[in-house]
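Everything on this sheet refers to the single structure shown next.
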Amino acid sequence: MTDQPLGKVQAKAKLNRCLEGGVVIYSRHFREELVKDALALQDVLAVCKSGAIIIAPEQDIKTGKLKYRIEGLTADRRQVAVVFTFRTEQAVFITVFERT
């Protein structure tokens, strides 16, 4: 059973609520990719605040949860995408990568 998909605006608003006062969980894979791509958590937070969700959510094959992707620019103008999902009022960051 999957969650009902949130619209792009609703998903970004929920993500920002999680970042501002809720709980954010950083998966091990997310943390590994952050280091691999030489990104800082501040870069990810900047993308989440100013970026946009461009495509509809996809269902994760392993968990069945909907995953969203937000894309935007870091302070040094790198194009970055962050993939995340929700667990009630928690945002779970799945992976991050630089778009080229």
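Mind listing P(r) for the chain? All alpha-carbon pairs, 5 Å bins, whole percents.
3, 14, 26, 27, 20, 9, 2, 0, 0
Can you tell me which of Asp60, Asp37, Asp76 moves the most in a GNM of the chain? Springs connect C-alpha atoms under 10 Å apart.
Asp76
What is the gain in length, in nm to one decimal, between Val35 and Thr88 on full extension, counting 0.36 nm per residue of separation less the C-alpha to C-alpha distance?
This chain segment gains 16.3 nm when fully extended.
Taking θ as phi - 60°, what are the ³J(HN,Hα) couplings along the range 8-25 by the Karplus curve (6.51, -1.76, 1.60), each to the nearest whole Hz, with x for Gly and Pro?
4, 5, 5, 5, 5, 4, 5, 4, 5, 4, 5, 5, 7, x, x, 10, 10, 10
In a Gaussian network model over the chain where Cα atoms closer than 10 Å are linked, find which of Val44, Val35, Val83 has the largest mean-square fluctuation.
With Cα springs under 10 Å in the chain, the top fluctuation among Val44, Val35, Val83 is at Val35.
Note the full-extension length gain between Lys65 and Gln10 as 0.36 nm times their separation in residues minus their Cα-Cα distance, in nm to one decimal.
Net length gain for the segment: 18.1 nm.
Please work out how much length the chain gains when fully extended from Ala81 to Thr100, using 0.36 nm per residue of separation minus the C-alpha to C-alpha distance, in nm with one decimal.
Contour length minus the Cα-Cα distance gives 5.8 nm.
Going by how many other Cβ atoms sit within 10 Å of their own, how do Thr74, Thr88, Thr63 line up, fewest first?
The fewest-first ordering by Cβ neighbours comes to Thr88, Thr63, Thr74.
Quick note: the coordinates plus some simple rules give every number you see, no bench work behind them. Everything quoted here is computed from the prediction, not taken from an experiment. Cβ atoms come from the backbone with ideal geometry, glycine included; neighbour counts cover every protein chain shown.
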